[in-house]
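Visitor: The structure's right below; bear with me while I get my questions together.
The values are calculated or read from the model by the stated rules, or taken from the named source; none is laboratory data. What you are looking at is a predicted structure, and each value in this text was computed from that prediction instead of being measured. Cβ coordinates were reconstructed from backbone atoms using ideal geometry, including for glycine residues, and neighbour counts include every protein chain displayed. To get the accessible areas, we keep the full protein, side chains included, count just its heavy atoms, and leave off ligands, DNA and RNA. Shrake-Rupley method; radii C 1.70, N 1.55, O 1.52, S 1.80 Å.
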Amino acid sequence: MLTSAIVWNADPVLFTLGPITVRWYGLMFAIGFLAGYEIVGRMFRHEGAPERWLPILLAWVVGATLIGSRLGHVFFYEWDYYSAHPAQILKIWEGGLASHGGTIGIILAVILYSIFTTKRSPLWTFDRLVIPIALVGGLIRLGNLMNSEIFGHATDLPWGFMFLRSGEWHALYEGQACHPTQIYEALCYFMLFGLLMWMYWKKNAEERPGLIFGVFFTILFSARFLIEFVKNDQVAFEADMALNMGQLLSIPFILIGIMLIIYSMLRPRQHLKFPNRYADE
């Protein structure tokens, strides 16, 4: 056993009160959405958008995240099982969410939100929404850490973790430390969040439609692509793949991000007004 390894034995349950059980993962999700609501609200107020748009956007995003993440896992990773047991798709509390599916769900939701609510280009919403999404992504990965799930291969590095509460760790790596890939991703997403906040509040990058959205896609999915090299496969069929499913799904988003950056930089910069009050105040 590696004496320098970090022994990780965190309880995924924060507390239980009668029939109510609060888990760290769910708490991270809730904190992320509440913080995201506040961040987007400040942006809307800064630019004079209607406050009534906020709860509508939240409803779209929460629904799209849960449905898209679940269906992404079903179709991308375990279609053979769920096609034979369709009723199990509804049991979202048993686990099985895919971030790429959540991304697709949010994209579709924002397009519909733009058509029915803002009557603006979807890029307007994307450039503002992806900033808190980077924060939410980091918090969710911390939730994965508390669940002792989605970790990496064995490592001799001094910050390797031994996930004592993970059946997968005991089956594959008993006595060995593993890459804490949840922390790797969380740090990348938090740094991306800081960069995007700086771009919006200090550089007025929102005056180039698609730039913030493009930077988000390019950096987030490039980080995901690289970290996948030291992450365990999610499902058995990935074992014989040169690039796993997470990497293959990341490539289109990286390319879209690069194209958005180029598109935004080739178009004239807009000059927005910032009244610092909601349109319906």
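Visitor: Pairs, please: C-beta under 6 Å, at least 6 apart or cross-chain, first residue in contact (Cβ under 8 Å) with a residue 60 or more places away in the chain and in region 64-87, second open to solvent by 70 Å² or more (accessible area, probe 1.4 Å)?
Guide: Hits for this filter: Tyr77/Gln234.
Visitor: Oh, and also: How many of the residues making up region 142-167 are at negative phi and either out of contact with any Cys (no Cβ under 9 Å at 6 or more places or on another chain) or among the small types (Gly, Ala, Ser) (or both)? Step through it out loud before you land on a result.
Guide: Within region 142-167, the subset at negative phi is 142-147, 149, 151-167.
Then drop every residue that is not either out of contact with any Cys (no Cβ under 9 Å at 6 or more places or on another chain) or among the small types (Gly, Ala, Ser) (or both), which leaves 142-147, 149, 152, 154, 156-160, 164-167.
Going through region 142-167 one residue at a time, the tally reaches 18.
Visitor: Return the pairs, sorted by first residue and then second, in which the second residue is surrounded by 17 or more Cβ atoms within 10 Å (Cβ to Cβ), the first residue lies in region 110-124 and is polar (S, T, N, Q), the beta carbons are less than 7 Å apart, and the residues are 6+ apart or on different chains.
Guide: Here the result reads Ser114/Pro122; Ser114/Thr125; Thr117/Trp53; Thr118/Trp53; Thr118/Trp124; Thr118/Thr125; Ser121/Ser114; Ser121/Pro209, each pair linking region 110-124 to a residue that is surrounded by 17 or more Cβ atoms within 10 Å (Cβ to Cβ).
Visitor: Which of (1) open to solvent by 10 Å² or more (accessible area, probe 1.4 Å); (2) modelled with pLDDT of 95 or more; (3) not in a helix (DSSP H, G or I) is the odd one out, the single condition Gly175 does not satisfy?
Guide: (2)
Visitor: Got a sec? Which of Lys91, Lys119 is open to solvent by 50 Å² or more (accessible area, probe 1.4 Å) and at positive phi? Write out each step before concluding.
Guide: Numbers: Lys91 fails: at positive phi.
Every option except Lys119 fails the conditions.
Visitor: For region 199-214, state whether one or more residues are in contact with a Cys (Cβ under 9 Å, 6 or more places away or on another chain), open to solvent by less than 30 Å² (accessible area, probe 1.4 Å) and in contact (Cβ under 8 Å) with a residue 24 or more places away in the chain. I'd like the intermediate steps shown before the answer.
Guide: In the first step, residues of region 199-214 are kept if they are in contact with a Cys (Cβ under 9 Å, 6 or more places away or on another chain); the result is none.
No, region 199-214 contains no residue that is in contact with a Cys (Cβ under 9 Å, 6 or more places away or on another chain), open to solvent by less than 30 Å² (accessible area, probe 1.4 Å) and in contact (Cβ under 8 Å) with a residue 24 or more places away in the chain.
Visitor: Oh, and also: In region 38-63, what residues are basic (Lys, Arg) and touching a residue at least 40 places away in the same chain (Cβ under 8 Å)? Break it down into steps so the answer makes sense when it comes.
Guide: We begin by selecting, within region 38-63, every residue basic (Lys, Arg); these are 42, 45, 52.
The answer is Arg45, Arg52.
Visitor: Based on what the data block shows, is Tyr189 in a helix (DSSP H, G or I) and closer than 22 Å to Ile6 by Cβ? Full working, then the answer.
Guide: Working: in a helix (DSSP H, G or I): yes; closer than 22 Å to Ile6 by Cβ: yes.
Taking the combined requirement at face value, the residue satisfies it.
Visitor: Any idea which of Leu14, Leu66 is hydrophobic (A, V, I, L, M, F, W, C) and in a helix (DSSP H, G or I)?
Guide: Values: Leu14 fails: in a helix (DSSP H, G or I).
None of the others qualify; the one that does is Leu66.
Visitor: Sticking with this one: Just one of (1) out of contact with any Lys or Arg (no Cβ under 9 Å at 6 or more places or on another chain); (2) touching a residue at least 40 places away in the same chain (Cβ under 8 Å); (3) not in a helix (DSSP H, G or I) trips up Asp280, so point out which.
Guide: Going through (1) out of contact with any Lys or Arg (no Cβ under 9 Å at 6 or more places or on another chain); (2) touching a residue at least 40 places away in the same chain (Cβ under 8 Å); (3) not in a helix (DSSP H, G or I) one by one, Asp280 breaks only (1).
Visitor: If Pro19 satisfies all but one of (1) more than 30 Å from Phe274 (Cβ to Cβ); (2) open to solvent by less than 70 Å² (accessible area, probe 1.4 Å), what's the number of the condition it fails?
Guide: (2) is the only condition that Pro19 fails.
Visitor: Can you find even one residue in region 161-168 that is surrounded by fewer than 21 Cβ atoms within 10 Å (Cβ to Cβ), touching a residue at least 24 places away in the same chain (Cβ under 8 Å), assigned to a helix (DSSP H, G or I) and charged (D, E, K, R)?
Guide: We begin by selecting, within region 161-168, every residue surrounded by fewer than 21 Cβ atoms within 10 Å (Cβ to Cβ); these are 164-168.
Pick out the ones that are also touching a residue at least 24 places away in the same chain (Cβ under 8 Å) and you get 164-165, 168.
From what is left, the residues that are assigned to a helix (DSSP H, G or I) are 168.
Imposing the further condition that a residue be charged (D, E, K, R) reduces the set to 168.
Yes, the conditions are met somewhere in region 161-168.
Visitor: Any residue that is open to solvent by less than 10 Å² (accessible area, probe 1.4 Å), at pLDDT below 95 and over 30 Å from His271 (Cα atoms) - is there at least one of those in region 231-241? Spell out the reasoning first.
Guide: As a first pass, look at region 231-241 and keep what is open to solvent by less than 10 Å² (accessible area, probe 1.4 Å): 231, 238.
With the extra rule that they be at pLDDT below 95, the set shrinks to 231, 238.
Restricting the remaining residues to those that are over 30 Å from His271 (Cα atoms) gives 231, 238.
Yes: one or more hits.
Visitor: Please verify whether Trp53 is more than 21 Å from the chain's Cα centre (by Cα) and closer than 14 Å to Val110 by Cβ, treating the condition exactly as stated. Show your work before the answer.
Guide: Details: more than 21 Å from the chain's Cα centre (by Cα): yes; closer than 14 Å to Val110 by Cβ: yes.
For Trp53, the condition - more than 21 Å from the chain's Cα centre (by Cα) and closer than 14 Å to Val110 by Cβ - is met.
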